[in-house]
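The values are calculated or read from the model by the stated rules, or taken from the named source; none is laboratory data. All of these numbers come straight from a predicted model, not from anything done at the bench. All Cβ positions, glycine included, derive from the backbone under ideal geometry; neighbour counts span all protein chains shown.
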Amino acid sequence: MPSTRTAPAASSIATSTSTDPLAILQQVFGYGAFRGQQGAIIGRVCGGGDALVLMPTGGGKSLCYQVPAIARHRGGHGVTLVVSPLIALMHDQVGALDEAGVKSAFLNSSLEGDEARRVERDLLAGTLVLLYAAPERILTPRFLAMLDSLHARGLLSLIAIDEAHCVSQWGHDFREEYLGLSQLHERFADVPRIALTATADAHTRADIVERLALESAELFVANFDRPNIRYQIVEKDEPRKQLLRFLRDEHEGPNGMDSGIVYCQSRKKVEETAAWLADEGLNALPYHAGLDANVRRRHQDRFLREEGVVMVATIAFGMGIDKPDVRFVAHLDLPKNIEGYYQETGRAGRDGAPATAWMAYGLADVVNQRRMIDEGEANDDFKRLQRAKLDALLALAEAHDCRRVRLLAYFDEDSTPCGNCDNCLQPPAVWDATDAARKALSCIYRFHQQSGFGFGAGHLIDVLRGKVTDKVTQRGHERLSTFGIGAEIAEQQWRGVLRQLIALGHVASVGEFNTLELTDSARAVLRGEVPVMLRVPADPPPRARKGARSSGSARSASAKPPPVALDEPGLARFAALKAWRAEVAREHKLPPYVVFHDATLAEMAREAPDSLDALAGISGVGAKKLEAYGSELLRVLQHTVIASG
């Protein structure tokens, strides 16, 4: 949000009942203006129209239904129902709304019987502004009967469907319970709906429209670019050590490690990686669906509430995680498609400050992903689409040009080189691997010609490099015409050649032993009609960046660097404000960012307001927070000024 706004008088904003969206934004949430398409989306929904919103993580999706919910409730339309798939997200959203003075609640399995009945009474009375619930609860006869009662009295104001991509089987996070949400339109056809997602390609968008009956909805597609995220993709070579070097070089400073997420494909790898990072001195925790629910909740709470926690997780972790200061998202395994990659990397840098999306990627990733698609139980059309989506991700991983241009092009968005991804900052050297590719394909052909079946990548490379092994002599492959024809090429380079050939679909890895076979398109490569250009693996980045990155924070041993530049007194105020916020968050059992974002505290530290009216002019300070915390904030600021003076 913009950092400045016109400050209304503190006495007037606390009692306002305006239905004007901009007034609500300023009075309740403390922001001076809408960003991007927020104003148009909110206007559409406030007016009773349907909307389908595609907006990147951190773009302000929640406000697109929260502001209309408040406006319509003040106008007498009743309660907004928010469909949300995650308990953690419900807790944080309701906590944040409560801090802002908006009466909201959730219904989920975490509530005791008395608590649930109290929420139901408030719902039926129409006093709630927003109610959050999961689709499986909403579709029960009991819950639908409560909605019927509200609707009959004109008190069902709006239906907001968050994470709407979950309804699509083409998407990256399909959830079967979302399919039943079409009942809501059939049952309450006159109630406006807004469906929201951070990621959806053309196939997924069409599926959302069809399955949720949103044909009359206006489509809003925000800019997908996240310019504060730096994309880095490296070729796997001892990936754990590569990960640790990345974390130590780029995300560790005098005040410790940044908060971040490391994604792994399997539960076993999650636990092994978390244990290894912990042994290396990092505050690393595992998270996957196989862990006890209490352990998952405890680890998630620590990640949300503490600084410097590295969460090692499967994709079971992340959706709806609103922590704004996640400074990196790392992938130790290749995601399934670009939508998944974009959604997962988008959890970094929600506060707009610099963040990194790092991934290590190798031949085995390509083989495993292709095999999972080929051996899946889906129909041929679905498999064909999944292969195309994987191909797009592989093209991004193998790209020599700007990563951001490639990523945005997938979502039909034109852009120019960003100057901030690894390829822009250090353009990779490229070598013509066409001849090497032809040699590899010829060797695969000779295997089948001689033995009638194929062999794996390791054996193929041994033969190409002329390495005499027991397996080579046992099969008589030292007598093949292709034996040793690629001796001048290093093993790592050969792996890059094979990875590219599999990524481009010229070679297939099949069966339990991942044997290599030629596809129809291999003929064009063998004839020299298709060039194969490969990047030369880059050397590890120099460690010097660590000092440069951390220099601003060295002056404040008690806090991470603020999101804006501050002088010495400003840094002291920022540290004091963060310490005060931590106490409030613990008392209220909320993540610190729900009380105030770092950006809001940094603006307070810079401006040093000395009155309630001046404090009301700080972006992110709404009427309820001004009333609840204003005097305390002024006390902290004044005390810090005196102490530092």
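Only one of Ala88, Ala51, Ala96 is among the small types (Gly, Ala, Ser), crowded, with 23+ Cβ neighbours inside 10 Å, closer than 24 Å to Gly346 by Cβ and touching a helix residue (DSSP H, G or I) at 6+ places or on another chain (Cβ under 7 Å); which?
On the way: Ala88 fails: crowded, with 23+ Cβ neighbours inside 10 Å; Ala96 fails: crowded, with 23+ Cβ neighbours inside 10 Å.
Every option except Ala51 fails the conditions.
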Would you confirm whether or not region 288-297 contains a residue that is more than 22 Å from Ala355 (Cβ to Cβ), in contact with a Ser or Thr (Cβ under 7 Å, 6 or more places away or on another chain), surrounded by 17 or more Cβ atoms within 10 Å (Cβ to Cβ) and assigned by TED's automatic domain parsing to the domain that holds Gly352? yes
If we ask which residues in region 495-538 are part of a loop (DSSP other than H, G, I, E, B), over 30 Å from the mean Cα position of the chain (by Cα) and either at pLDDT below 85 or on the phi < 0 side of the Ramachandran plot (or both), their number turns out to be 13
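Restricting the search to region 43-71, which residues are of a type outside the set (Gly, Ala, Ser), touching a residue at least 40 places away in the same chain (Cβ under 8 Å) and in contact with a Ser or Thr (Cβ under 9 Å, 6 or more places away or on another chain)? Quick ask: steps written out before the conclusion?
Residues of region 43-71 of a type outside the set (Gly, Ala, Ser): 44-46, 50, 52-57, 61, 63-68, 70.
Still in the list and also touching a residue at least 40 places away in the same chain (Cβ under 8 Å): 44-45, 50, 52-57, 61, 64-68, 70.
Those that are of a type outside the set (Gly, Ala, Ser), touching a residue at least 40 places away in the same chain (Cβ under 8 Å) and in contact with a Ser or Thr (Cβ under 9 Å, 6 or more places away or on another chain): Asp50, Leu52, Val53, Leu54, Met55, Pro56, Thr57, Lys61, Tyr65, Gln66, Pro68, Ile70.
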ask   = under 24 Å from Trp431 (Cβ atoms), of a type outside the set (D, E, K, R) and either touching a Cys at 6+ places or on another chain (Cβ under 9 Å) or not assigned by TED's automatic domain parsing to the domain that holds Val366 (or both) - does that describe any residue in region 471-478?
value = no
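Results for (1) farther than 21 Å from Gln93 by Cβ; (2) out of contact with any Leu (no Cβ under 7 Å at 6 or more places or on another chain); (3) in contact (Cβ under 8 Å) with a residue 12 or more places away in the chain, shown as yes or no for each residue.
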residue	(1), (2), (3)
Glu307	yes, yes, yes
Ala316	no, yes, yes
Ile321	no, yes, yes
Pro335	yes, no, yes
Pro354	yes, yes, yes
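Within region 437-462, restricting attention to residues that are of a type in the set (Gly, Ala, Ser) and not in a helix (DSSP H, G or I), which residue is modelled with the highest pLDDT?
Gly456
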Open item on the list: Taking the criterion of being β-branched (Val, Ile, Thr) and over 18 Å from Leu363 (Cβ atoms), would at least one residue in region 473-481 satisfy it?
Closed with: yes
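From Arg404, Arg438, grab the single residue that is over 31 Å from the mean Cα position of the chain (by Cα) and at negative phi. Write out each step before concluding.
Values: Arg404 fails: over 31 Å from the mean Cα position of the chain (by Cα).
Matching residue, one of Arg404, Arg438: Arg438.
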If we take region 283-353, then strands (runs of 3 or more DSSP E) inside it with 2 or more residues that are touching a Pro at 6+ places or on another chain (Cβ under 9 Å) are 310-313
Log entry, pairs with first residue in region 29-42 being without any contact (Cβ under 8 Å) to a residue 60 or more places away in the chain, second being surrounded by fewer than 16 Cβ atoms within 10 Å (Cβ to Cβ), beta carbons closer than 7 Å, six or more apart or on different chains, reads Ala33/Pro2
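Run down Glu250, Glu218 and say which single residue is of a type in the set (D, E, K, R), at pLDDT 95 or above, in contact with a Lys or Arg (Cβ under 7 Å, 6 or more places away or on another chain) and surrounded by fewer than 23 Cβ atoms within 10 Å (Cβ to Cβ). If you could, list the steps in order and put the result at the bottom.
Numbers: Glu250 fails: at pLDDT 95 or above.
Exactly one of Glu250, Glu218 is of a type in the set (D, E, K, R), at pLDDT 95 or above, in contact with a Lys or Arg (Cβ under 7 Å, 6 or more places away or on another chain) and surrounded by fewer than 23 Cβ atoms within 10 Å (Cβ to Cβ), namely Glu218.
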Reported set for region 576-590 where residues are touching a residue at least 40 places away in the same chain (Cβ under 8 Å) and either farther than 30 Å from Arg297 by Cβ or crowded, with 22+ Cβ neighbours inside 10 Å (or both) is Ala576, Leu577
Q. Does Arg137 satisfy the condition of being surrounded by fewer than 15 Cβ atoms within 10 Å (Cβ to Cβ) and either of a type in the set (Lys, Arg) or touching a residue at least 40 places away in the same chain (Cβ under 8 Å) (or both)?
A. no
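Scanning for something without any contact (Cβ under 8 Å) to a residue 12 or more places away in the chain, among the β-branched types (Val, Ile, Thr) and surrounded by 13 or more Cβ atoms within 10 Å (Cβ to Cβ), does region 481-491 turn up at least one residue? Spell out the reasoning first.
Filtering region 481-491 for residues without any contact (Cβ under 8 Å) to a residue 12 or more places away in the chain gives 488, 490.
Within this subset, residues satisfying the condition of being among the β-branched types (Val, Ile, Thr) are none.
Looking for residues that are without any contact (Cβ under 8 Å) to a residue 12 or more places away in the chain, among the β-branched types (Val, Ile, Thr) and surrounded by 13 or more Cβ atoms within 10 Å (Cβ to Cβ), one finds none in region 481-491, hence no.
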| said: Quick check on Leu244: is it farther than 22 Å from Gln369 by Cα, part of a loop (DSSP other than H, G, I, E, B) and not β-branched (Val, Ile, Thr)? | reply: no
The residue that is surrounded by the most Cβ atoms within 10 Å (Cβ to Cβ), considering only those in region 170-187 that are touching a Leu at 6+ places or on another chain (Cβ under 9 Å) and in contact (Cβ under 8 Å) with a residue 40 or more places away in the chain, is Tyr178
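Can you confirm whether Gln426 is touching a residue at least 60 places away in the same chain (Cβ under 8 Å) and surrounded by fewer than 14 Cβ atoms within 10 Å (Cβ to Cβ)? Show your work before the answer.
On the way: touching a residue at least 60 places away in the same chain (Cβ under 8 Å): yes; surrounded by fewer than 14 Cβ atoms within 10 Å (Cβ to Cβ): yes.
It is true that Gln426 is touching a residue at least 60 places away in the same chain (Cβ under 8 Å) and surrounded by fewer than 14 Cβ atoms within 10 Å (Cβ to Cβ).
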When restricted to Leu219, Leu184, Leu179, Leu212, the only residue over 20 Å from the mean Cα position of the chain (by Cα) and farther than 25 Å from Cys46 by Cβ is Leu179
